[in-house]
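Throughout, read-outs are computed from the coordinates displayed, never taken from laboratory work. Quantities reported herein were computed from a predicted structural model and do not represent experimental measurements. We place every Cβ from the backbone using ideal geometry, glycine too, and count neighbours over all the protein chains shown.
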Amino acid sequence: MSIEVIGCGWLTQDSYGSDKLNRSVEWASRTALRGIGKEDGLFAYPVKNFGRFPAIAQRVCYVTALALQDAGLEYAKGEKQDIGLLGMDEYGCEQANFDYFNDYVDGGRSMARANLFIYTLPSSPLAEAAVHFGLQGPLFYYRNQQASVGELMVTARRMIEDGQAQQVLVYELGSEIDRCFVVGDKG
């Protein structure tokens, strides 16, 4: 078994792309972040409640779609796949907590919107991707302020070798660029 990166999708503030397909597309001058998927046909079918997602969850869904395409992995509505998710970022759910608390204050300190509450968990954006893409492997979030995916790549390889998942998506989410790597058996 030769376990390695078999696909990668990325997204910046103004473009997105994938490595093996050698694709780079500028999006910022023609659409808003939430419009990329629909305008550019990145998803096999619409993502339920995508308009309600915070930007981080939308970005995770985009890099997931791009990485799966880059690895040649297809998905369809209602189909499940044995793919795990490992994600890390620098900020956790800090922005979501601020948004939820501000909504609570704006609501007279009696209630805030439930659709904001779910994102106060740092694993929620990965969970949204897992639901849409039918990914049933383990899901793990790691807050890494050093911004290195090396540890997650080692963990992904172990998960595959131990039979926990056939492939693993490794997310590196940052302020400059978001990446999703598909780790799996090259053979």
- Label-point gap, in nm, between Lys48 and Arg30 - each point 7 angstrom along Cα→Cβ: 3.1 nm
- Message: Testing the spin-label approximation: label points 7 Å from Cα along Cα→Cβ at Lys186 and Tyr142. State their distance in nm.
- Response: 2.2 nm
- Query: Counting Lys and Arg as +1 and Asp and Glu as -1, what is the net charge of the other residues whose Cβ lies under 12 Å from the Cβ of Glu172?
  - Reply: -3
- Note on the structure: Protection proxy (average C-beta count within 10 Å per residue), highest first, orders 81-89, 149-157 as 81-89, 149-157
- Message: Sort 65-71, 129-135 by packing, meaning the average of other beta carbons within 10 Å per residue, with the highest value first.
- Response: 65-71, 129-135
